[in-house]
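The values are calculated or read from the model by the stated rules, or taken from the named source; none is laboratory data. Every value quoted in this text rests on a predicted model; they were computed, and no experiment measured them. Here the Cβ positions follow ideal geometry from the backbone for every residue, glycine too, while neighbour counts run over all protein chains shown. The accessibility values were calculated without ligands, DNA or RNA, using every heavy atom of the protein model including side chains. Shrake-Rupley method; radii C 1.70, N 1.55, O 1.52, S 1.80 Å.
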Amino acid sequence: MSCARADATWARASVNQAMAGVGDASPGFPDREGPRDECGVFGLYAPGHEVSRLSYFALYALQHRGQESAGIAAADRGGHIITRRELGLVSQVFSENDLRTLAGELAIGHVRYSTTGSNAWENSQPVQRSEGTNGSRRAVALAHNGNLINALELHDELLQRGVTFSSTSDSEIIAALIATHPAREVEDAIADVLPRLRGAFSIVVMTKDRVVTFRDPHGLRPLVLGELPRGAGEEGGPARYCVASESCAFDIIGARLLREVRPGEVVTLSEAGLHSRMAAPGGRPAFCVFEYIYFARPDSRMNGVALQVARARMGEILWREAPVEADLVIAVPDSGNAAARGLARAAGLPQDDGFVKNRYVARTFIQPGQELRKHGLRLKFNPLPDVIVGKRLVVVDDSIVRGNTTRQIVQMLREAGAAEVHLRISAPPIKHPCHYGIDMSTREEMIAHGRSTAEVAAELGCDSLHYLSLEGVYEAVGATRATHCDACFSGDYPLAGSERANGKYSLEQQRPLPLVRA
Ligand code: SF4
């Protein structure tokens, strides 16, 4: 732990400077205004492999799931856990030297967008705790994707037991419950703790000799297992395994997707290979349907669904549900790309780029100032008048939350000479908040809350608007509502008591962040 803090100090000034332009794109550079991705986790047990380097690249592939902080914890079997975590992007946080320091045989990693607790260094992950239990010490590092809905309750209980915290994230509560548990084996501790956690959690825990991963009984957030390729001279040796939020993390390190971690399952990656036990069987499956539409990378596979293919199918169904007389299909890049291709194919309409997107816009450190601010989104999207002028456009995107960005996009297209702008959105209207690890606006800020589709269209200034139906989403992914969560669209929360859930800053409201760092 002290290593993590010492490491962090030298890098903090430069990374904090960088953070002025990273993640918080809002002051001068309105990024897409969709829901904010939650977090990404990774872990592997792989003696003989460069575990920190593999973790680095896996996190690099998971960067879309969180841009506020990144961290890796590594250990030698039986040795010490070393953690390096910092605010910033994966590429900013780790140097070659860090990866050499994080040598070991097992490692876990995390990229964060804050859903409980603010964007502070203390809340970056992996969380590391070392506690005395039954005369021995248990050291754990933990990486978490999701959100507990009973965090305050558990926090109170631990405080009463004299447990202290250094962060305001619900992830440290889980780490503390596991680290202080009296069971001898960490898997037994997890099996006992897991049913007490309510909400969404896909978690990777590392002790000094194993990586243990587990998922909430509803399987709200994704978690997949992979097998690493064998290195030279390893042909006859034991297979080595890894775990990640998305399969795109496996592709980058040459690992093979094996399967999903099952809801309520605890899986150990160790010298003994892969060992599984069910700690909380029988929960109502409630996988987040928004992962298919928006959060996950299109080259990931989830529950057997190739997301790029499913998103294109959403575009086809969008057209079937709401055809319109038009000349050209364009996407809001990159979020609408796959659905636009599917829609254009189904419509038999040409597709072109209506905008050029500046992909580096979130990484500039210079604020635009008043003069440029009025140009708004042009800093990020620049329309192509020669493509657009005089055309009746079908404009495809994957979601609308507050509507500010979409309104500006419609206006830019009109200014660039579009004859008509018909919006097609490959998700249903977002009307309700998420309590399971996705940071969305409040109901009042959501443009679709309390408005009909015609009223939203009038607000956005488009000629027509159609949202993909919920049935259309499920048809595209070949699944049913019975095994998924779609609460942000339908208001049907799969877990009782979700509406009373603690807010993002609830732990801070209860107890402010420590002002003095150790
Ligand atoms: Fe996903 Fe929406 Fe359910 Fe949250 S409320 S888990 S974003 S489907």
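Could you say which residue among GLY132, GLY71, GLY79, GLY104 is touching a Lys or Arg at 6+ places or on another chain (Cβ under 7 Å), outside any helix (DSSP H, G or I) and more than 25 Å from ASP216 (Cα to Cα)? Steps first, answer last, please.
Working: GLY132 fails: touching a Lys or Arg at 6+ places or on another chain (Cβ under 7 Å); GLY71 fails: more than 25 Å from ASP216 (Cα to Cα); GLY104 fails: touching a Lys or Arg at 6+ places or on another chain (Cβ under 7 Å).
GLY79 is the lone residue from the list that is touching a Lys or Arg at 6+ places or on another chain (Cβ under 7 Å), outside any helix (DSSP H, G or I) and more than 25 Å from ASP216 (Cα to Cα).
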- Message: Quick check on LEU142: is it over 21 Å from ILE82 (Cα atoms), in contact (Cβ under 8 Å) with a residue 40 or more places away in the chain and buried (at least 23 other Cβ atoms within 10 Å of the Cβ)?
- Response: no
- If you take the residues in the range 417-440 that are surrounded by 21 or more Cβ atoms within 10 Å (Cβ to Cβ) and away from the ligand (no atom under 14 Å from the Cβ), which one is nearest to the chain's Cα centre (by Cα)? SER426
- Item | Those residues of the range 103-117 which are open to solvent by less than 10 Å² (accessible area, probe 1.4 Å) and modelled with pLDDT of 95 or more, in sequence order | LEU106, ALA107, ILE108, GLY109, HIS110, VAL111
- Message: Of everything in the range 298-340, what is among the charged types (D, E, K, R) and within 16 Å of the ligand (Cβ to nearest atom)? Give them in sequence order.
- Response: ARG311
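Which ones in the range 227-239 are out of contact with any Asp or Glu (no Cβ under 7 Å at 6 or more places or on another chain) and either buried (at least 23 other Cβ atoms within 10 Å of the Cβ) or over 15 Å from THR213 (Cα atoms) (or both)? Can you show your working first?
From the range 227-239, those out of contact with any Asp or Glu (no Cβ under 7 Å at 6 or more places or on another chain) are 227-238; that's our starting set.
Within the range 227-239, LEU228, PRO229, ARG230, GLY231, ALA232, GLY233, GLU234, GLU235, GLY236, GLY237, PRO238 qualify.
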- Item | Unmet criterion (only one of (1) open to solvent by less than 60 Å² (accessible area, probe 1.4 Å); (2) in a strand (DSSP E or B)) for PRO222 | (2)
- Message: Step by step: first the residues of the range 467-476, then only those that are farther than 21 Å from GLU445 by Cβ and open to solvent by 10 Å² or more (accessible area, probe 1.4 Å), then the one that is nearest to the ligand (Cβ to nearest atom). Which residue is that?
- Response: LEU470
- Is it fair to say CYS488 is within 16 Å of the ligand (Cβ to nearest atom), open to solvent by less than 30 Å² (accessible area, probe 1.4 Å) and modelled with pLDDT of 95 or more? yes
- Message: Of the residues ARG210, ARG161, ARG138, ARG196, only one is among the basic types (Lys, Arg), at pLDDT 95 or above and over 29 Å from PHE290 (Cβ atoms); which?
- Response: ARG210
- Tell me which of these ARG311 doesn't satisfy, since it passes every other one: (1) modelled with pLDDT of 95 or more; (2) in contact with a strand residue (DSSP E or B) (Cβ under 9 Å, 6 or more places away or on another chain). (2)
